[in-house]
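*Asks:* Handing you this structure, nothing more for now.
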Amino acid sequence: MSVKGLCVTNNYVTEFSFFIASEVIKRHACSNFKLITASTSYPSLPLLLANYILSSEKEKNTKGEMEGNFQISETTNLLRKIKEFTRSIVEDLAEGKSPEISINRFRNYCNDPEADCFCSSDEPKGREILTLRKRSQTYRIDMLLRVLLIVQQLLQENRHGSKRDIYYMHPSAFKAQSVVDRAIADICILFQCSRYSLNVVSVCWKWVGTFDSDYSASIMRPVLVLRSTLCCRLVMGWLKFREAGRKFDCLSSLNTAFPVPVLVEEVEDIVSLAEYILVVEKETVFQRLANDMFCKTNRCIVVTGRGYPDVSTRRFLRLLMEKLQLPVHCLVDCDPYGFEILATYRFGSMQMAYDIESLRAPEMKWLGAFPSDSDIYGVPQQCLLPLTEEDKKRTEAMLLRCYLKREMPQWRLELETMLKRGVKFEIEALSVHSLSFLSEVYIPSKIRSEGSFH
């Protein structure tokens with residue numbers, strides 16, 4: 001590689017920059033090196049060059065370790081791709097050119113219900129070119145490279161980190177969690193991999209206290225578990241499985257809450273005697289069902305994402321659907337936010353549209369709560385809350401989504417009904433009749449009568 005020039009920001013023309021550039025020349029037989037400054041802000045260049053050197057050294061070590069193996073692991077292949085990507089950027093800079101990074105664009109819906117679109121396809125819907133020639137894109141490239149360096153380290157050390165962990169490694173540079181989220185999405189698209197492949201998880205969970213490696217009823221009680229989980233999504237019912245060698249035996253205590261596994265790709269030995277899967281929006285509803293011993297009288301698996309579901313919860317649900325071939329029902333509040341959660345489970349999110357096939361639950365049914373349920377089940381007027389202006393705007397925006405008219409016209413009618421009535425209510429409003437009305441009357445009657453919208 002012949003280095004004609006490296007463009008770096010004035011703030012980064014430091015001894016470190018010179019040192020790294022010199023190392024590139026020395027280790028890769030570069031010649032005719034000239035370090036120049038430019039107005040383009042590119043603070044990750046020294047890190048990028050260091051990454052190029054370190055990845056070369058790691059490749060030598062990995063190559064030695066892999067001798068005799070006939071199959072290259074996914075991690076090794078991903079590290080190779082990262083090195084090739086880094087090398088291409090260094091070579092462009094060495095030639096005095098601005099790198100061009102092509103990122104495919106994905107979406108799972110458009111906002112034209114009359115459009116003859118192909119949003120349901122998982123194919124790219126265009127592409128975006130990032131370049132240092134555009135000042136507005138320089139920061140995005142810089143953050144992408146910072147996150148890529150962290151991902152490379154996680155892969156090389158065979159460790160996992162959360163998105164929040166990555167943010168706090170450079171909080172002053174990232175400025176907001178959304179910057180890290182976007183960079184991770186860009187990296188997944190660039191290298192055509194899932195977030196799991198990067199060893200990045202939504203959030204790391206842990207227990208308060210010390211437990212054995214096998215999560216069984218003998219060491220976990222419902223109240224203890226529900227109070228001692230941090231940032232956990234929960235599952236209970238007629239199910240047992242293993243994750244990374246740990247056993248989760250929900251069958252041994254049907255109404256005990258267990259954490260949804262974080263490393264879903266390492267889940268195996270799934271066994272279930274359930275007849276259906278019930279997804280509930282809120283932890284309070286999950287706790288109500290646990291206290292009412294719902295799973296003892298109903299052969300089901302209950303899952304909660306505790307509000308907006310993370311990737312692990314959605315991936316776990318998809319895995320259960322594929323392995324068990326069970327019907328899936330979803331119970332959410334009768335408000336725009338509840339419907340958004342329902343739509344995320346069923347159709348996926350726009351942010352993760354590039355990985356939609358592994359994250360959506362295409363056969364999910366909407367169990368409730370419907371706007372019409374307030375009349376059918378006698379919800380008092382004082383339990384009905386007026387829609388706010390923000391609620392109305394959100395509902396009107398959701399009504400424009402192409403998949404509602406194309407695939408779920410009944411869901412769209414329910415949304416229109418909610419908007420026309422101008423009121424909303426929470427699932428817990430059904431408890432006005434009795435504390436156990438939800439578990440003893442509402443859900444069983446809906447399941448028996450197939451009162452779900454598919």
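The values are calculated or read from the model by the stated rules, or taken from the named source; none is laboratory data. From a predicted model like this one, the values you see are computed outputs, not experimental measurements. FYI the Cβ positions are ideal-geometry reconstructions off the backbone, even for glycines, and counts take in every protein chain you see. Quick note on the areas: whole protein, heavy atoms, side chains included, nothing else; ligands and nucleic acids left out. Shrake-Rupley method; radii C 1.70, N 1.55, O 1.52, S 1.80 Å.
*Asks:* Inspect region 95-105 for any residue being at pLDDT 80 or above and in a helix (DSSP H, G or I) and give the result as yes or no.
*Replies:* no
*Asks:* Quick one: in region 383-435, of everything that is of a type in the set (Gly, Ala, Ser), over 30 Å from the mean Cα position of the chain (by Cα) and in a helix (DSSP H, G or I), which residue is surrounded by the fewest Cβ atoms within 10 Å (Cβ to Cβ)?
*Replies:* Ser431
*Asks:* Which one of Glu322, Glu340 is without any contact (Cβ under 8 Å) to a residue 24 or more places away in the chain and part of a helix (DSSP H, G or I)?
*Replies:* Details: Glu340 fails: without any contact (Cβ under 8 Å) to a residue 24 or more places away in the chain.
Every option except Glu322 fails the conditions.
*Asks:* Looking at region 126-185, which of its residues are in a loop (DSSP other than H, G, I, E, B) and open to solvent by less than 40 Å² (accessible area, probe 1.4 Å)?
*Replies:* Going through region 126-185, the residues in a loop (DSSP other than H, G, I, E, B) turn out to be 126, 132-134, 158-160, 168-170, 175-176.
Within region 126-185, Gly126, Leu132, Ala176 qualify.
*Asks:* Now, a different point. Could you look through region 248-305, keep only residues that are aromatic (Phe, Trp, Tyr) and under 25 Å from Glu363 (Cα atoms), and pick out the one that is surrounded by the fewest Cβ atoms within 10 Å (Cβ to Cβ)?
*Replies:* Across region 248-305, the extreme among qualifying residues is Tyr276.
*Asks:* Let me ask something else. Can you find even one residue in region 320-329 that is surrounded by 19 or more Cβ atoms within 10 Å (Cβ to Cβ) and β-branched (Val, Ile, Thr)?
*Replies:* yes
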